[in-house]
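Student: My questions all concern the structure below.
Each value in this text was obtained by applying a stated rule to the coordinates, not by laboratory testing. Just so it is clear, the model here is predicted, and its values are computed rather than measured. Note that we place each Cβ from the backbone using ideal geometry, even for glycine, and neighbour counts take in every protein chain shown.
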Amino acid sequence: MSRTLVVAGHGMVAHRLVEALRGDDVDGTWQVVVFGEEPRPAYDRVALTSYVDTWDAAGLALPGAEYAGDDRVELVPGDPVDAIDRQAKRVTTRSGRVQHYDALVLATGSRPFVPPVEGADLPGVFVYRTIEDLDDIRAAVERARARRGRPAAAVVGGGLLGLEAAKALRDLGLSPHVVEMAPRLMPLQVDDGGGGLLNRLITDLDVTVHTGTSTSAIVQDGDRLRARLGNGTELDVDLLVFSAGVRPRDDLGREAGLDVGERGGVLTDAACRTSDPHIFAVGECASVEGRVYGLVAPGYSMAEVVAATLLGRDAVFPGADTSTKLKLMGVDVASFGDARAATEGSLEVVVNDPVNGSYKKLVVSDDAKTLLGGVLVGDASEYNLLRPLVGEELPGEPAALIGPAGGGEAVGVEALPDDAQICSCNAVTKGEINEAVHGEGCDSVGAIKSCTRAGTSCGSCVPMLGKLLAACGVEQSTALCEHFTQSRAELFEIVRATRITTFSELIAEHGTGAGCAVCKPAVASILATLGNGHVLGGEQATLQDTNDRFLANMQRNGTYSVVPRVPGGEITPDRLIVIGEVAKDFGLYTKITGGQRIDLFGATVEQLPRIWRRLVDAGFESGHAYGKALRTVKSCVGTTWCRYGQQDSVGLAVELELRYRGLRSPHKLKAGVSGCQRECAEARSKDFGVIATEHGWNLYVGGNGGAVPRHADLLVSGVDTAELVRIVDRFLMFYVRTADRLQRTAAWLDELDGGLDHLRDVVVDDSLGICGELEAAMAEHVAHYEDEWKGVLEDPEKLARFTSFVNAPGTPDPTVAFETEREQPVPVMLGVPEVANR
Amino acid sequence: MTVLSDEQQAGSTVWTPVCRVEQVPLAAGVAVLLDGGLQVAVLRTAGDEFFGLSNVDPFSGAAVLSRGIVGDVGGVPVVASPIYKQNFDLRTGQCLDEAGVRIDVHPLRITDGVVHVGVR
């Protein structure tokens, strides 16, 4: 008999709790009911400011937060819990629903703190917490803009949240004022020196900073507001945003008589259990052993603790590292450990470089031997190396660690102790990584990632993983194989620069030996991308893997399968009939593929050209199912038929498939286009996926299904078709040039130095100045595309290779035989293999 | 052009002409069908040496080795099975990836530009 868990609130932490519980509750012991206040499922509130880029709430969606298809979770948005009856163990929601619980988790989060200032409730005064708050701010900005052109705005609060709000206003085209009561910006994270530099860097971004003063009153003046500051300044603005911190929402717990912490928050023990053993509290509304945490990472730990407890395991909140590293309006800010030198006798070592705009401070023990904490502003590149050293003996002179040469130069990863946390997102220590290398035999960054999860979240520690491998004595060779010391990307550049057109020439000049099954297909792919005629032309034919060599997919009995291109999955009845007739006439097994096309199995080598002849005559062409090339662009029916479609997804899918067909790449490329946010084309599981919004297209990249699924990341949003195509052109060419052999875009993006931000810099903002070149290369590909099947049919020499036996042309392979299963031919192996299949 | 595997004890060997040398591309192979259904992969290296191996991939049972990529691994001339990619030594039939697996080798003889396969 299953028990009922009620979760009050559906923010990021509540979602993590449900996810963790459902992930582990294999026996289904809990039925979960989640009541949320906001009108939508939990979303990425940490990234709230990015909503201004697209005004598309889907961009903030958390994967799986709707629990679609999970009948053990009922999500009720827009209907918060209003009261708890602890005796009866039931809650009442705002709509009047009464729900029994066996366990209740309070995850009601925080409310924005609005200081008791006269006029704080006037129209034009906002807070900054939810998507709806941002919608309201946007509407106010637009109204003011209609009245007088350039509106003015002020933010009360110069901490993390205040600067986020200021960024949002800047992204709306305003030049906001920021009012902070403390003598510096981000008073909790940085010291006066760092705050001074931060003030300068932020002011350079067109923000007017007022520190050391409060807001004493807000007065309405027609349709404008006047904000009076404590220092006598008066700001004349159209809108004002309070973003001066948050307070735990503990009212539900208070009213139910639960104990509350001294500084607010529902008081819990280390297992996040409140004074009522059936009620837990997690996230920002909880006061765990008297301490309230305003960051998401500790909230996630609490969620996991409660999920484990509910499943009968012992778990306690391990405490949280409140170190932070973030980028505010492009300015790096990091603080860790005892950043403000509160430890008695501690010493501060400061390197202030106003010219380059960086401020770095280390706090060390009185004997200057132990690192206690630090602050980095303007350049936080040493953060990953320094944070794990907190509480440890310093490996060198403190000043050298933050000097111009940088910590990376001054301290090697060898200096880090084994318990130093390398990946703070997933709490992986240096010792665990060393164990993965020595004990589990991990010999690459990718292997470490899948073994330990280090580097799989924000990715900032990935360079450290490489250094740790090197420190363990693992050499990471980028050589393609024994014949080439170069990586695939290097060979690509060599071929591009030298205009070498054959494998023989390339291996003679840049490699050794005769080549192998690794380097030959890789070079064949490079030659094909750079346009060297038909893939079976001249020597190229012998470089190809068997699939490419016969332009079909070899199956387990040595026969091939044939997949004609069906762009976007759209096909006429007449063409469907042709495929059916071909299959019937050649005795082929047919199956619908996952990429919205039809696969014809069981063709022998000599049948292939005859099958193609029939298909080509009916207007089909190769679907490149055999190639490391663009496969399909899957689509939903979009506006053409669907009641919910927002754009013509089929039209775009057809256009993209025809544009990129035949493009040879390091691995196969899959794509998808969905006509609305329901995402029926599963575009986010593709190498590039497009999702329609009412404003245009959102482009996602680096997705993957298969054994290691990865949701694609949003690269750009709200673009029109021309811009979309331009960015896909650049993205694909950049990938084709720089990826390793057989590296899908997902793995490539994970290993790309600088990750998604770097990719966006390169292919959207053209930081390397190569976009013109990438687009030209794609234009070249598009202009010279020709159907490979037709190329064979038109050339007697190529055609002659399609025989099973050189001494008996026309005789099929006698070892190939079929039997009938479910009314279709399937292979039967005549000879028993001498060795078991693997 | 050199001819390898042309064994000295030709006495009991039956030689069958199968194709002209130019029908076998450099660094590639072709399959031949002999009496009794025996299939031989005739493989030609980039250095223009000819080898004859059983065409049947022992790991899958499919007759496909003539369609593998011809190259070298550690200096050993090899063909890679197109099914699961194991390499086979062209001279001995020894599988490089699995010590206990070896496939049949067939001697070849080239006369007047014609490739002959020998079966003992």
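Student: Using label points projected 7 Å from each Cα along Cα→Cβ, tell me how many nm separate A:Gln31 and A:Arg678, to one decimal.
Tutor: Result: 2.8 nm between the two label points.
Student: Starting from the Cα of A:Asp204, step 7 Å along the direction of its Cβ; do the same at B:Asp35; then give the gap between the two resulting points in nm.
Tutor: Computed distance between label sites A:Asp204 and B:Asp35 equals 8.9 nm.
Student: Continuing with this model, one more query. Report the charge-dipole magnitude of chain A in Debye, nearest 20, computed about the Cα centre from +1 at each Lys and Arg Cβ and -1 at each Asp and Glu Cβ. Provide the component values of the computation, followed by the final result.
Tutor: Working: 82 positive and 118 negative charges, 325 e Å.
In debye, rounded to 20, chain A gives about 1560.
Student: Kindly rank A:63-71, B:32-40 from highest to lowest mean number of other beta carbons found within 10 Å of each residue.
Tutor: B:32-40, A:63-71
Student: With a point put 7 Å past each Cα toward its Cβ, work out how far A:Lys327 is from A:Asp765 in nm, to one decimal.
Tutor: Rounded to a tenth, the inter-label distance reads 0.7 nm.
Student: Please find the FRET efficiency linking A:Thr502 to B:Thr92, where r is the Cβ-Cβ separation and R0 is fixed at 30 Å, and quote it to the nearest 0.05.
Tutor: The formula returns an efficiency of 0.50 here.
Student: While we're here: For every helix of n ≥ 4 consecutive DSSP H residues, a contribution of -39,500 (n - 2.57) applies; sum these over the protein assembly as shown, divide by its total residues, and give [θ] at 222 nm rounded to the nearest 500 deg cm²/dmol. If you can, show how the numbers build up before the last one.
Tutor: Numbers: 27 runs with 251 residues, N = 958.
That comes out to -7500 deg cm²/dmol.
Student: Further question: Calculate, in nm to one decimal, what A:Trp641 and A:Lys584 gain on full extension: separation in residues at 0.36 nm each, minus their alpha carbon distance.
Tutor: Here the answer is 17.3 nm.
Student: What relative contact order, as a whole-number percentage, does segment A:488-544 give when Cα pairs under 8 Å and 6 or more residues apart are counted? Could you put the intermediate results ahead of the total?
Tutor: Values: 37 pairs, mean separation 21.1, N = 57.
Relative contact order for segment A:488-544 comes out at 37 percent.
Student: Tell me the relative contact order for chain A as a rounded percent, counting alpha carbon contacts under 8 Å between residues six or more apart.
Tutor: Dividing the mean separation by the residue count of chain A yields 7 percent.
Student: Among the aspartates and glutamates, which fall within straight-line cross-link reach of A:Lys670, defined as a Cα-Cα distance under 13 Å, with same-chain neighbours fewer than 8 residues apart omitted?
Tutor: Output for A:Lys670: A:Glu657, A:Glu682, A:Asp687.
Student: I'd like the distance separating the alpha-carbon centroids of segment A:365-402 and segment A:287-340, in whole Å.
Tutor: Each part's Cα centre sits 22 Å from the other's.
Student: Further, regarding this structure: Of A:Lys584/A:Lys790; A:Lys327/A:Lys430; A:Lys520/B:Lys85, which ones are farther than 20 Å apart at the Cα?
Tutor: A:Lys584/A:Lys790; A:Lys327/A:Lys430
Student: At 4 °C and 1.567 mPa s, grab the translational diffusion coefficient of segment B:2-119 from Stokes-Einstein with a Kirkwood Rh over Cα pairs, rounded to a whole number in µm² per second.
Tutor: 92 µm²/s
Student: Around A:His695, under 14 Å between beta carbons, what's the net of Lys plus Arg minus Asp minus Glu among the other residues?
Tutor: Net of charged neighbours comes to -4.
Student: Moving on. Only Cα pairs under 8 Å and at least 6 apart count here; give the relative contact order of segment A:347-455 as a rounded whole percent. Can you show the working numbers first?
Tutor: Numbers: 160 pairs, mean separation 17.9, N = 109.
Taking the mean separation of contacting Cα pairs over the length of segment A:347-455, I get 16 percent.
Student: How crowded by other chains is A:556-567, given as the mean number of beta carbons from other chains within 10 Å of each beta carbon?
Tutor: Numbers: counts 5, 6, 13, 2, 0, 0, 0, 0, 0, 0, 0, 0.
Averaged over the peptide's residues, the number is 2.
Student: Between A:Val782 and A:Asp221, how high is the FRET efficiency from 1/(1 + (r/R0)^6) when r is the Cβ-Cβ distance and R₀ = 60 Å? Nearest 0.05.
Tutor: After rounding to 0.05, the efficiency reads 0.50.
Student: Please list, ordered by chain and number, the residues whose modelled amide H lies under 5 Å from the amide H of A:Leu372; skip anything fewer than 5 residues away on the same chain.
Tutor: Long-range HN contacts for A:Leu372: A:Val363, A:Val364, A:Ser365, A:Gly391.
Student: Given R₀ = 35 Å, FRET efficiency for A:Ala120-A:His100 by Cβ-Cβ distance, to 0.05?
Tutor: Plugging the Cβ-Cβ distance into 1/(1 + (r/R0)^6) gives 0.30.
Student: So, one more: Around A:Ala256, under 13 Å between beta carbons, what's the net of Lys plus Arg minus Asp minus Glu among the other residues?
Tutor: Overall, the nearby charge balance is -3.
Student: Could you state the principal axis extents of the C-alpha atoms in segment A:538-636, from the largest down, to the nearest angstrom?
Tutor: 39, 29, 25
Student: Grab the other residues whose beta carbon is less than 10 angstrom from that of A:Ser685, score K and R as +1, D and E as -1, and report the net.
Tutor: With Lys, Arg at +1 and Asp, Glu at -1, the net is +2.
Student: Please give the average number of partner chain Cβ atoms lying within 10 Å of the Cβ of each residue in B:67-79, rounded to a whole number.
Tutor: Mean partner-chain Cβ count within 10 Å for B:67-79: 6.
Student: By per-residue mean of other Cβ atoms within 10 Å, what is the highest-first order of A:488-494, A:755-761, A:549-555, A:152-158?
Tutor: By packing density, highest mean first, the sequence is A:152-158, A:549-555, A:488-494, A:755-761.
Student: Moving to a separate point now. What are the extents of the Cα atoms of chain A along their three principal axes, listed from largest to smallest and rounded to whole Å?
Tutor: 96, 65, 61
Student: Averaged across the residues of A:536-547, what count of C-beta atoms belonging to other chains lies within 10 Å of each residue's C-beta?
Tutor: Details: counts 0, 0, 1, 5, 0, 3, 10, 4, 2, 6, 8, 1.
Across A:536-547, the average partner-chain Cβ count within 10 Å equals 3.
Student: Distances longer than 17 Å among the Cα atoms of segment A:488-544: what percent of all pairs is that?
Tutor: Tail of the P(r) past 17 Å holds 25 percent of the pairs.
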